[in-house]
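Each reported figure results from applying straightforward, stated rules to the coordinates on display, with no laboratory input. Remember, predicted model here, so these are calculated numbers, not experimental data. Neighbour counts run over all protein chains shown; Cβ positions are idealised from the backbone, glycine included.
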Amino acid sequence: MTTESVNAAGDPDALAGCLVRTQQMLLAAGYRYIEGDEQRWPLTFVQMIKRDSILVIGPFAPADLGALCEFWTHARAQYAGRYCGLMLVGDHPTDDPAVRGLFEGTRGSAAYLDARRGQFRLRRGGLFNSDALKPMHKANIKQFLSGRVDAKARQIDCRNELIRHLQEFRQEQEFHAQARLAAGKPVAVYALLIACIGVFLAMLLAAGGQVLQTPSAGVLLNWGADYGPLVKQGQWWRVLSCSFVHIGVMHLLFNMMAMYYFGAPLEVFQGKWRLAFFYFFSVVTASLASLWWDPMRVSAGASGGLFGMVGAMLALVIRYRRDFPPKVWLAMRKWVVTVLGYNAIFFFMPMVDGAAHVGGFVGGLAIGLVLSRSPLRISWPRAWAWAALAAMVFGVLALGDYTVGRIKPGDPLEILSGRQELPTRQRLVLLEMLNASHAANDQIVLPVRAIIIEAQAIPDPGQRNAQAAQVRAIIATLEKDNWPAQIAEKLAQDSPTIIGSARELDQARLEFCRKTLDYLGGKATLEEARFAHQKYLTAQTLFGDWIKPAVGTQTRPE
């Protein structure tokens with residue numbers, strides 16, 4: 001609890017002047033009105049919002065203290081999950097019994113501003129986000145009381161903004177209510193969530209704890225992961241089943257969060273049947289894109305369908321712009337751009353199936369442009385949409401036939417799975433690869449990891465310079481000795497999946513050493529170096545999963 005004072009502005013109507021200044025500054029900072037009485041303004045309560053922060057602002061009347069406390073309790077319950085703040089302006093001293101009663105009778109963040117004397121009383125309760133309710137910081141409250149308003153804020157007509165914002169807000173509320181009425185209760189997104197989680201739990205019960213981190217290729221294939229040679233053998237169902245299989249608990253967690261984040265609003269705007277169709281169509285186009293780009297990759301996860309949801313949302317924004325309130329349309333457009341921009345970062349990561357992401361997005365955009373409806377009314381697709389849908393389905397089938405036709409039989413994974421005999425030459429090369437990876441772990445990764453531990457325990461600048469020199473020498477050796485390329489020459493094109501896994505492991509090892517060098521030089525944090533090490537361990541595990549079944553070795557502890 002804080003009580004302070006500042007030099008108050010010499011406004012003849014101090015209370016009304018403080019309320020106006022406060023709201024002008026909030027509007028300039030990006031807050032919007034969502035509740036208020038334009039007829040009684042400014043001596044009335046208003047509610048303003050900015051992202052997850054909601055402020056209730058109004059005059060303080062001691063006679064209505066009981067009703068005020070009850071109103072505030074109801075408001076906090078109504079906006080549960082958001083950061084709520086109560087800001088009252090009056091002309092009573094901050095030590096007045098009524099003011100003390102206000103703070104005793106309310107919970108959460110509250111501020112009282114004595115507009116006449118320039119004093120304030122502040123309580124910020126339960127705020128774990130330092131960016132939430134910034135107007136209730138001391139410096140901002142002092143500015144509200146001082147009367148120093150910049151030219152931009154001073155020009156804002158609060159009453160006109162109140163009228164405009166309330167009209168927009170009511171329009172948005174009516175839009176969302178009508179969209180929910182047309183869509184019905186959300187079902188599809190929850191069904192997809194339950195299916196993905198259920199498959200993961202079944203994998204966990206059947207295969208054990210390895211499923212939590214990095215399940216082997218064999219486990220993934222047994223549960224329906226996408227893989228070119230098996231699809232070529234007639235297992236077409238894998239282009240759909242792969243969307244319910246996930247590679248570790250973190251993969252599942254991120255995809256399920258994204259599924260709810262993407263799927264829930266799309267189902268509100270399009271209904272359960274369209275959402276389901278958009279999702280599965282996008283999964284198919286994502287799987288085919290993955291097979292076309294790299295048929296030897298074992299691919300799994302719901303990401304293709306999730307990007308299809310984003311594509312369908314973009315199609316909705318394009319086709320039905322006039323049906324959306326302006327604020328909602330702008331927010332959706334910004335949402336789509338943000339999601340695509342954020343995920344573009346992961347596109348070039350070696351462990352991410354970027355082709356599936358692109359294929360899913362394109363499929364979702366295409367099917368959304370054809371089959372999406374207005375979010376405000378239920379309607380069947382028109383004749384041209386059915387014709388376009390038939391053409392798209394035919395095109396996808398033709399693409400699938402062409403893509404699978406390119407896949408060569410006798411893939412190395414067949415050998416590693418024990419379904420074909422391993423030639424002696426390949427077995428010797430694989431053993432050489434496995435031994436080389438173990439040697440690199442012992443001679444490079446473990447010493448570099450020890451350097452990080454030592455640098456953390458003894459942060460001596462001189463010692464760090466010497467350690468940095470050691471790491472630079474290791475990096476120079478790694479860059480010169482490209483053992484995956486040497487192995488690839490011996491294997492030629494017999495095992496593209498194994499060669500690709502070796503390259504990813506080599507890149508992860510080099511990246512870990514570079515991140516360690518950045519940490520020693522102060523250019524990276526310890527957490528970033530640890531994350532790079534974890535990526536290396538994941539690549540090492542995946543690399544071993546490809547080779548160990550073929551050469552008959554056991555997993556080597558690290």
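Checking the Cα-Cα distances for 134/334; 50/142; 134/535; 272/334 against a 26 Å cut-off, the pairs over it are 134/535. A straight chain from residue 160 to residue 327 at 0.36 nm per residue would run longer than the Cα-Cα distance by 58.4 nm.
3J(HN,Hα) along the stretch 287-292: 5, 5, 5, 5, 5, 5 Hz, from the Karplus curve 6.51 cos²θ - 1.76 cosθ + 1.60 with θ = phi - 60°, whole Hz, x for Gly and Pro. Residues within the reach of a label modelled at residue 43 (point 7 angstrom out along Cα to beta-carbon, backbone nitrogen below 16 Å), restricted to the stretch 68-92, are 89-92. The modelled label-to-label distance for the pair residue 134/residue 384, using points 7 Å beyond Cα in the direction of Cβ, is 4.7 nm.
Mind running the shape call on the stretch 2-175? Use the C-alpha gyration tensor, a ≥ b ≥ c as the square roots of the eigenvalues: rounded below 1.5 for a/c, prolate if a/b tops b/c, oblate otherwise.
Taking the square roots of the gyration eigenvalues as a ≥ b ≥ c, the stretch 2-175 is rounded.
Amide H to amide H distances under 5 Å link residue 54 with 83, 84, 85, where only residues 5 or more positions off or on other chains count and H is placed in the peptide plane. A full extension of the chain between residue 190 and residue 534 corresponds to an added length of 120.6 nm, given 0.36 nm per residue minus the alpha carbon distance. The slack between residue 70 and residue 16, meaning 0.36 nm per residue of separation minus the straight C-alpha distance, is 17.1 nm.
Using θ = phi - 60° in the Karplus curve 6.51 cos²θ - 1.76 cosθ + 1.60, the 3J(HN,Hα) couplings for the stretch 373-390 round to 10, 5, x, 9, 8, 7, 8, 7, x, 7, 4, 5, 5, 5, 5, 5, 5, 4 Hz; x is entered for Gly and Pro. Given a Förster distance of 45 Å, report the FRET efficiency between residue 180 and residue 456 from their Cβ-Cβ distance, rounded to the nearest 0.05. The formula returns an efficiency of 0.30 here. Take the Cβ atoms of residue 171 and residue 260, set R0 to 25 Å, and the FRET efficiency comes out at 0.40. In loop segments of the stretch 291-327 as defined by DSSP, the chymotrypsin sites (Phe, Trp or Tyr not before Pro) with at most 16 further C-beta atoms inside 10 Å of their C-beta are 320.
Using R0 = 51 Å, the C-beta based FRET efficiency linking residue 250 and residue 397 works out to 0.90.
At a threshold of 8 angstrom on Cα-Cα distance, excluding pairs fewer than six apart, so keeping six or more, what relative contact order does the stretch 2-175 reach in percent?
31
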